[in-house]
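Inspection log for the structure reproduced underneath, given as structure tokens.
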Amino acid sequence: VQTDSIRIVEVSARDGLQIEPTIVPTQTKVDMIGQLAAAGLRTIEATSFVSPKWVPQLADAAQVLAQLEPVAQSGVDLPVLVPNQRGLDRALAAGARSIAVFASATESFAQRNWNSDLAGVLAMASPVITEAKRRGLPVRGYLSMCWGDPWEGPTDPARVAELAAQLIRLGCDEVSLGDTIGVATAGVVVRLVRAVVEAGVEVDRIALHFHDTYGQAVSNVQAGLGEQVRTFDASAGGLGGCPYAQSATGNLATEDLVWFCDGLGLRTGVDLDRLVRLSEQLAGVLGRPSPSAVVRALAGA
Ligand code: HMG
Ligand code: MG
């Protein structure tokens, strides 16, 4: 369906902060998410309820979410990442109204990110999806390493398509195809989206999650748009990345996405100047400049 707008899933507060060496204070996270909402973002991944031993950066998930109640009340969707039953229990106790589960397209990443094989990862996620759906919560499913991983090389699109269809069959409302190490280029984006659609996943249930390791993220968005995908994950200032990717650049910067969409006349609802000011502030907190060329250009303007 051709529309004149896209939906952005803002992931800086989770995907961005989870690998920062600096542990950002709870209040700074809450303020950041409030400002993301004020800049017009309507879906903001707030935090994750994973093991704090694995991700100490987000150990304050419950406190963050509790303080975001006014933002949730204003109608902003604040999904939180949940790996297992323990995470779901914690998320629900903290008032989560929307969750995201995550799985891997490769065995190597399953071992490193979950300390489990892929069957074990799906066995962890499956009851979480069922229980969340039983409670009427929206559930997003992430699939990582969809175009390649550092240990196994390129990922077979047929395998990704089957896993994406499986996440939908398990009850996920949407599947986000993650280019975790940023190796995708436009041609293989087209190929994979088509394979996932051919496996039975409706295109409006597909989201694309690009990392900008090789500077291809915006061109990959264009390829996705051509296949009618309308949901894209992005991170303010390009925060985040992957510890296994060989680059200083992180997620597709929300500013890059908005700048690009503005030129196409695709509405995002985002106030770009406001977002750039927030990313500059965050760069100050984290002690390094944003890798986004759009942020640097507009910050200097
Ligand atoms: P494990 O160490 O193999 O197993 O972790 P465990 O079950 O023995 O858990 C270890 C300790 O954590 C135990 O505590 C558990 O109780 C506790 P202890 O007994 O030692 O005191 N624990 C928890 N505590 C709080 N909340 C929980 C929880 N679960 C266990 N939910 C586990 C297995 C899956 C938990 C771990 O490997 C984990 O948390 N992994 C998540 C790692 C992560 O967050 N990665 C980043 C997110 S994925 C991503 O960024 C990709 C994405 O952006 C898309 C893309 O780019 O591709 C989404
Ligand atoms: Mg990611």
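Nothing in this text is a laboratory measurement; each read-out follows from the coordinates by a stated rule. Because the structure is predicted, anything quoted here is derived from the model rather than measured. Positions of Cβ are generated from backbone atoms using ideal geometry, with glycine treated the same way; all protein chains shown enter the neighbour counts.
Key figures
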{"item": "Inter-centroid distance (Cα atoms) of the range 64-108 relative to the range 205-277, Å", "result": "22 Å"}
{"item": "Largest to smallest principal axis extent of the C-alpha atoms in the chain, angstrom", "result": "48, 43, 36"}
{"item": "For the range 213-301, fraction of C-alpha pairs farther apart than 18 Å, in %", "result": "42 percent"}
{"item": "FRET efficiency, residue 190 to residue 285 (Cβ-Cβ, R0 25 Å, nearest 0.05)", "result": "0.10"}
{"item": "Dipole magnitude (debye, nearest 20) for the range 104-226, charges at Cβ of Lys, Arg, Asp, Glu", "result": "300 debye"}
{"item": "Per-pair calculated FRET efficiency, R0 = 25 Å: residue 31 and residue 74 via Cβ, rounded to 0.05", "result": "0.95"}
{"item": "Calculated FRET efficiency for the pair residue 151/residue 126, C-beta based, R₀ 25 Å, to 0.05", "result": "0.50"}
{"item": "Radius, Kirkwood style, for the range 17-118 when every pair of distinct Cα atoms is counted (Å)", "result": "14.2 Å"}
{"item": "Cα→Cβ-extended label distance, 7 Å offset, between residue 111 and residue 23, nm", "result": "3.0 nm"}
{"item": "Beta bridges by DSSP in the chain, antiparallel share as percent, to the nearest 5", "result": "10 percent"}
{"item": "Zone residues, the range 73-88, relative to residue 63, backbone N less than 20 Å from point 7 Å out along Cα-to-Cβ", "result": "80-81, 87"}
{"item": "Likely footprinting exposure, 74, 126, 98, fewest C-beta neighbours within 10 Å first", "result": "74, 126, 98"}
{"item": "Potential lengthening between residue 219 and residue 267 on full extension [0.36 nm per residue; Cα-Cα distance subtracted]", "result": "15.5 nm"}
{"item": "Size of charge dipole - the chain - debye, nearest 20, with Cβ of Lys, Arg +1 and Asp, Glu -1, no other charges", "result": "480 debye"}
{"item": "Cα lying deepest toward the dipole's positive end in the chain, options 158, 127, 12, charges on Cβ", "result": "127"}
